[in-house]
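Student: Got a structure for you, questions after.
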Amino acid sequence: MHTELSALASGHLDRVRTFYDAAPTVPQSGARAYRSLLAHYYNLLIPAKARVLEVGCGEGDLLASLNARDVCGIDLSERRLACARRRLPHGRFFAQAGERLDPDLVGGPFDFIVVSDTLNLAADVQAMLERLHAVSHPGTRLVVNFQNSIWRPILSLAETLGVKSRQPENSWLASSDVLNLLHLAGWSTVTREGRILLPFSAFGLGTLANRWLAPLLQWFCLTVFITARREGIRAAD
């Protein structure tokens with residue numbers, strides 16, 4: 001089962017795949033610290049017994065940090081998936097785009113579907129979000145996180161200075177864009193939260209800022225977390 005994409009969208013996916021097939025698979029220290037913070041927040045949301053699918057799983061860093069062990073990941077890059085398979089032999093990994101997600105291949109349904117820092121690299125965000133219904137059930141939670149566009153100048157400078165890995169072409173969707181795309185794709189927003197004011201320790205200042213200041217300054221946080229459920233499903237909690 002495949003979703004037909006335009007030539008433009010397919011070309012974009014090919015460029016993203018080529019970029020990540022050629023990029024280093026070992027993250028820089030800043031990226032490791034950032035991903036550790038992401039994993040902390042995801043573990044607050046996802047119980048150990050949950051079945052988890054990650055769209056754009058890369059080398060499996062996030063899945064490896066989750067308490068849940070029933071994990072599945074899809075990614076464009078076979079090179080990165082090979083790293084994920086070595087790191088998580090108990091997981092299942094497939095070379096697929098979210099826009100072309102094949103439920104017969106990945107299985108499911110999943111209790112949690114994670115899209116971490118992947119939305120802005122998608123060729124067709126709405127199509128990808130719509131495909132996720134095929135591997136969900138009425139209680140499934142879709143959790144997405146993406147970087148706040150306010151941080152774009154800072155992150156661009158970090159790339160120029162070489163302290164942040166370069167990224168392929170990025171859409172830089174605003175929160176309002178993502179909320180609208182979720183609605184159009186049949187997902188109802190449950191929560192929206194800003195997280196991570198300082199993506200590094202800074203001798204303990206990062207921990208203090210992220211724990212106590214981030215809830216008060218959500219619009220300035222680096223990362224936006226949105227949790228959603230299928231539309232038409234009433235919350236049980």
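The values are calculated or read from the model by the stated rules, or taken from the named source; none is laboratory data. These figures come from a predicted structure and were not determined experimentally. Quick reminder, even Gly has a Cβ in these numbers, built from the backbone with ideal geometry, and neighbours come from all protein chains shown. Side chains are part of the model used for accessible areas, which takes the heavy atoms of the whole protein and leaves out ligands, DNA and RNA. Shrake-Rupley method; radii C 1.70, N 1.55, O 1.52, S 1.80 Å.
Student: Would you mention how many residues in segment 207-223 are under 15 Å from ILE150 (Cα atoms) and open to solvent by 10 Å² or more (accessible area, probe 1.4 Å)?
Tutor: 4
Student: Also, I was wondering about something else. If you go through segment 161-181 one residue at a time, do you hit one that is farther than 23 Å from ASP75 by Cβ and in contact with a helix residue (DSSP H, G or I) (Cβ under 8 Å, 6 or more places away or on another chain)?
Tutor: Yes, there is a match, as at least one residue in segment 161-181 is farther than 23 Å from ASP75 by Cβ and in contact with a helix residue (DSSP H, G or I) (Cβ under 8 Å, 6 or more places away or on another chain).
Student: Kindly evaluate ALA95 against the criterion of being open to solvent by less than 60 Å² (accessible area, probe 1.4 Å) and closer than 19 Å to PHE225 by Cα.
Tutor: no
Student: Scanning for something under 21 Å from ARG17 (Cα atoms), in a helix (DSSP H, G or I) and not polar (S, T, N, Q), does segment 149-156 turn up at least one residue?
Tutor: So far as segment 149-156 goes, no, none of its residues is under 21 Å from ARG17 (Cα atoms), in a helix (DSSP H, G or I) and not polar (S, T, N, Q).
Student: Also: Of all residues in segment 158-185 being in a helix (DSSP H, G or I) and in contact with a strand residue (DSSP E or B) (Cβ under 7 Å, 6 or more places away or on another chain), which is nearest to LEU121 (Cα to Cα)?
Tutor: Per the stated criteria, the residue is VAL178.
Student: Go through VAL178, VAL143, VAL190, VAL135 for me and flag whichever is in contact with a Gly (Cβ under 6 Å, 6 or more places away or on another chain), hydrophobic (A, V, I, L, M, F, W, C) and closer than 30 Å to LEU105 by Cα.
Tutor: VAL135
Student: Here's another thing I want to ask about it. When segment 166-202 is examined, which residues are found to be open to solvent by 30 Å² or more (accessible area, probe 1.4 Å) and polar (S, T, N, Q)?
Tutor: Residues satisfying the conditions are GLN167, ASN170, SER171, SER176, ASN180, SER188, THR189, THR191, SER201.
Student: Please tell me if ALA84 is surrounded by fewer than 22 Cβ atoms within 10 Å (Cβ to Cβ) and at negative phi.
Tutor: Spelling it out, it is not the case that ALA84 is surrounded by fewer than 22 Cβ atoms within 10 Å (Cβ to Cβ) and at negative phi.
Student: Hey, another quick one. Look at segment 123-136 and say how many of its residues are open to solvent by 50 Å² or more (accessible area, probe 1.4 Å) and either of a type in the set (Ser, Thr, Tyr) or assigned to a loop (DSSP other than H, G, I, E, B) (or both).
Tutor: Count: 1.
Student: Could I ask something else about it? Grab the helices (runs of 4 or more DSSP H) fully contained in segment 1-104, keeping just those with 2 or more residues being more than 25 Å from GLN147 (Cα to Cα).
Tutor: Result: 78-87.
Student: What is the one condition in (1) surrounded by 19 or more Cβ atoms within 10 Å (Cβ to Cβ); (2) not in a helix (DSSP H, G or I) that GLY139 does not satisfy?
Tutor: (1)
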